[in-house]
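Accompanying notes for the structure given below.
Readers should treat all values here as calculations from the given coordinates under stated rules, not as data from a laboratory. Predicted, not measured: the structure shown is a model, and the values here were computed from it. Here the Cβ is made from the backbone with ideal geometry for all residues, glycine too, and neighbour counts use every protein chain on show.
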Amino acid sequence: MKQALYRKYRPTKLSELVGQEEAVSLINNQIDNENLGHAYLFSGPRGVGKTSLARIIALQLGCDPIFDISEIDAASHNKVDDIREMNESVNFIASSPGKKRVFILDEVHMLSNAASNAFLKTLEEPPEHIIFILATTEPERVLDTIKSRTTQIVFKKITEDEIIKTLKKIGKKEKIDLDVEIIKMIANSSEGSLRDAINLFEQTHNTFGAKASIDDLFSLLGKLSSKDFETIINAVETQDTGAVLNVIRGAYAKGLQPNDIVDSVSEFFRNLFYLKYLPDDKKLSSLTPNLKKLLEEANKKIPAKQLVRILDLIDEINTVISTTSSAHLKLELFMMKIIKPEFGSDVKSIGYRVDLLEGKLIADVKPEKDEKPELKVEEEKIEAPKPKKNIKKKNKESLENFDVYWPKILEELREKLSSRKFSYLTAVSPEVESNGTLNLFVDKDNEFLLKELEKSEEVIDLLISEVAEKMGIEVNIKIFLSEKSKSGDSKGLDAAQEVFDVEDLN
């Protein structure tokens, strides 16, 4: 039988261990200085080299792999009797005279409390020739009394660059020629586990050969295809529930389970979240060009407020999908709520529906002649500077993503305004209407700030200019006193007086 690549290329020397420089340096120094501890706790994600380093330590000490190294799976040997049996074997001399004997306990967090307590005495005072190396992916579940008797070494996830480099090296030796975009996606999907990456690399080649595509890889991972996400994006825009249900049915036919589909949808919209708010994030650079293109298309069609609503729905489905007895139904309802906000009963879905209605109706609503506006003060009309040639009168995408642009606008104005005048803008609540009007709401207890803004042409002119520059739209600015106070007392007024150095007139 052919040996699996992840076993064939398991490191046997400290210099071969990938991505754990700190752990390797510590162990190397201790071996060179002959001051190895009697017990270690290796903690970190799966497939990053914990057990491999434990074996390398034993080999460095000259242990015989058969007689001097004992590997115990604590997940299946987690009872008191199992530990008592190990304790008895510890008291025998090393099988090879003059050699150390190494006990490796994998998944040590799986030991029962009774078994852990039975292990404590031996762990604290083992014979001189014994070294214990405990490994775990969940250190928080290991008893503190065991942790306190060990030297703890934390292993980190392997970086995508290191995984890609290793896969290319293995591919060259094994004559496996997969497209570089496939290798990048394997590294991205492995979540820092080199073992998982090597296994998926081999599985992809064995199943699809050198002509494997991204969608082939997605089928192995239990993910929706690029075409599926293209359909979902379009369905979100057109509210086509039938198209989404067809995607789900097609995924079922390929063998995907509800959990797989939820994980796939979660990953996509999380990447979209990063693209919208952290476009330079390193995580996005490892995505394939096709997937990046899909995300950019989705970014144009899904505004920030709707994305947050979708992420809330994803968080909700993730908490129930693994425990519910009707996973398929939960998944279908979840996808329907993504497509049609009116199906959602949560606060964000209701708020989003109100926003949609306001966006459609606001232009048609005209106050009666005798009707007084609810808001108290409105700034006199301010003439905005002439828009640049590339500025559109109304840019729907920019309007819907206003909360994404606002922090960037403030950042630019920080450099152009005095500290005092910049503080005016940090104290307002901005809201943009579908007709391109930018409303600045001032706390109702802060009339002083309202007056300062009304007479500060520099602030208003620069704000109009910066909005045009960043968002590509020409706005009219109106200033109002909000009906609601941000605090139930006079804190807003006190803060303004402190900032603007005015005396309390009362």
Item to check | Top positive-direction residue, dipole computed over segment 160-220 with Cβ charges, set 188, 204, 219 | outcome: 204
Checklist entry - Of the cross-linked pairs 2/173; 8/292; 408/478; 175/282, which ones have a Cα-Cα span greater than 26 Å in the structure shown? => result 8/292; 175/282
Next on the checklist: About the Cα centre, and with charges only on the beta carbon of Lys, Arg (+1) and Asp, Glu (-1), how big is the dipole of segment 222-352? Nearest 20 debye, please.
Outcome noted: 200
Item to check | segment 160-220 shape via C-alpha gyration tensor axes, a/c threshold 1.5 | outcome: oblate
Checklist entry - Here are some pairs, 293/416; 276/421; 13/172; which of them have Cα atoms lying more than 26 Å apart in this structure? => result 293/416; 276/421
Checklist outcome for this item: Given 179-190, 248-259, the highest-first ranking by average Cβ count within 10 Å works out to 179-190, 248-259
Item to check | Links that overshoot a 29 Å alpha carbon limit, given the list 157/340; 301/444; 99/147 | outcome: 157/340; 301/444
Checklist entry - Fewest first, what order do 336, 110 take by the number of other Cβ atoms within 10 Å? => result 336, 110
Checklist outcome for this item: With the charge dipole of segment 17-146 built from beta-carbon charges (+1 for Lys and Arg, -1 for Asp and Glu) about the Cα centre, the Cα from 58, 108, 44 projecting farthest to the positive end belongs to 58
Checklist entry - So how strong a dipole does segment 160-220 carry about its Cα centre when Lys and Arg Cβ are +1 and Asp and Glu Cβ are -1, to the nearest 20 debye? => result 360
Checklist entry - Which of 318, 295, 232 sits closest to the plus end of the dipole of segment 222-352, meaning its Cα is farthest towards the positive end, when Lys and Arg get +1 and Asp and Glu get -1 on the C-beta? => result 295
